[in-house]
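In what follows, a single structure is set out as structure tokens and then discussed.
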Amino acid sequence: MSIQVKSLGLVKNEEIEIKAIASLEVEGMRIDGIRVNESENGNLYLQFPERKFKKRSTDELITTRLMFADNDVFKKISDTLINAYKEKKEKGEFEVADIEVDNKKGVTVTQANPLNDQSKKTKAMVGLETNGIYLKDIRLNESNDGKLYLQFPNRKTKDDEYKDMFYPTNSELRQQLTEQAINMYQEKLIAKEFDESAKETEENEL
């Protein structure tokens, strides 16, 4: 299986840390906003998308990692994108082969953890894995008509629009992942309710 580099654009302002922004596609999952950064001592390094928000209680700024990768996979992606950046900076274009990944395939839901408060719109937090890349902070939400759907992490653009930071590229994959997440969420919800019921019974007997 392989990871495709779909785009890599150089940042015009050379004074800032970010030097290039890339997009990957992995088994039907598009991942945007991957950064090639340069440290103060001139070293290039890769940064996956993150989300920053303020805690309501303290206004403390929190940074959440939205994705990470197995060490070998991360190194392959990092080396490929940094070399592509150098080539594009020098020649104005780049050519890169797909990144080969061993013994990985498909996209799988790895977690769908129910929230304690099931009265709200978001019912569970969902995580995915694809070819050694782990995507998190996905929400299983309930629409006004009672249907469950996946909401992928997004960011606000300069045009005040919201754009998903990673997402399925086709409706079939989106539906497949939604069904997997719903099944896992419902199984965990039932197990949680059973555990709480058993605990309550035990306490009553004591």
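The values are calculated or read from the model by the stated rules, or taken from the named source; none is laboratory data. Every value quoted in this text rests on a predicted model; they were computed, and no experiment measured them. Note: ideal-geometry Cβ built from the backbone for every residue, glycine included; neighbour counts use all protein chains shown. SASA here: full protein model, heavy atoms, side chains in, ligands and nucleic acids out. Shrake-Rupley method; radii C 1.70, N 1.55, O 1.52, S 1.80 Å.
Would you mind finding the one in 181, 191, 124, 112 that is in contact with a Pro (Cβ under 9 Å, 6 or more places away or on another chain), of a type in the set (Gly, Ala, Ser) and either surrounded by fewer than 15 Cβ atoms within 10 Å (Cβ to Cβ) or closer than 24 Å to residue 64 by Cβ (or both)? Give the steps one after another, and end with the answer.
Working: 181 fails: in contact with a Pro (Cβ under 9 Å, 6 or more places away or on another chain); 191 fails: in contact with a Pro (Cβ under 9 Å, 6 or more places away or on another chain); 112 fails: in contact with a Pro (Cβ under 9 Å, 6 or more places away or on another chain).
Answer to the selection: 124.
A residue that is touching a helix residue (DSSP H, G or I) at 6+ places or on another chain (Cβ under 6 Å), in a strand (DSSP E or B), farther than 20 Å from residue 31 by Cα and not charged (D, E, K, R) can be found somewhere in region 104-116. For beta carbons closer than 8 Å, sequence separation of 6+ or different chains, a first residue in region 59-78 that is closer than 18 Å to residue 21 by Cα and a second that is among the basic types (Lys, Arg), the qualifying pairs are 65/136; 66/51; 66/136; 67/136.
Could you grab me the full set of residues in region 104-126 that are of a type in the set (Gly, Ala, Ser) and more than 17 Å from residue 177 (Cβ to Cβ)? Let's see the steps before the verdict.
In the first step, residues of region 104-126 are kept if they are of a type in the set (Gly, Ala, Ser); the result is 106, 112, 119, 124.
Once the filter is applied, which keeps residues that are of a type in the set (Gly, Ala, Ser) and more than 17 Å from residue 177 (Cβ to Cβ), region 104-126 yields only 119.
Determine, yes or no, whether residue 17 is open to solvent by 70 Å² or more (accessible area, probe 1.4 Å) and farther than 20 Å from residue 135 by Cβ. Yes; evaluated as a whole, the condition is true for this residue. Within region 1-24, does at least one residue satisfy the condition of being under 27 Å from residue 173 (Cα atoms), in contact with a Gly (Cβ under 6 Å, 6 or more places away or on another chain) and not in a strand (DSSP E or B)? Among the residues of region 1-24, not one is under 27 Å from residue 173 (Cα atoms), in contact with a Gly (Cβ under 6 Å, 6 or more places away or on another chain) and not in a strand (DSSP E or B), which makes the answer no. For region 117-166, residues that are within 16 Å of the chain's Cα centre (by Cα) and at positive phi total 3. Inside region 28-70, can you point out the residues that are more than 19 Å from residue 9 (Cβ to Cβ), more than 20 Å from the chain's Cα centre (by Cα), among the charged types (D, E, K, R) and at pLDDT 90 or above? Within region 28-70, just 40 meets the criteria. Residues in region 53-68 that are open to solvent by 90 Å² or more (accessible area, probe 1.4 Å) and either more than 19 Å from residue 153 (Cβ to Cβ) or outside any strand (DSSP E or B) (or both): 56, 57, 59, 60.
Every residue in region 127-163 that is acidic (Asp, Glu), open to solvent by less than 40 Å² (accessible area, probe 1.4 Å) and more than 19 Å from residue 176 (Cβ to Cβ), please. If you could, list the steps in order and put the result at the bottom.
Of region 127-163, the ones acidic (Asp, Glu) are 129, 137, 142, 145, 159-161.
Subsequent filtering for residues that are open to solvent by less than 40 Å² (accessible area, probe 1.4 Å) retains 129, 137.
Within region 127-163, 137 is the sole residue that qualifies.
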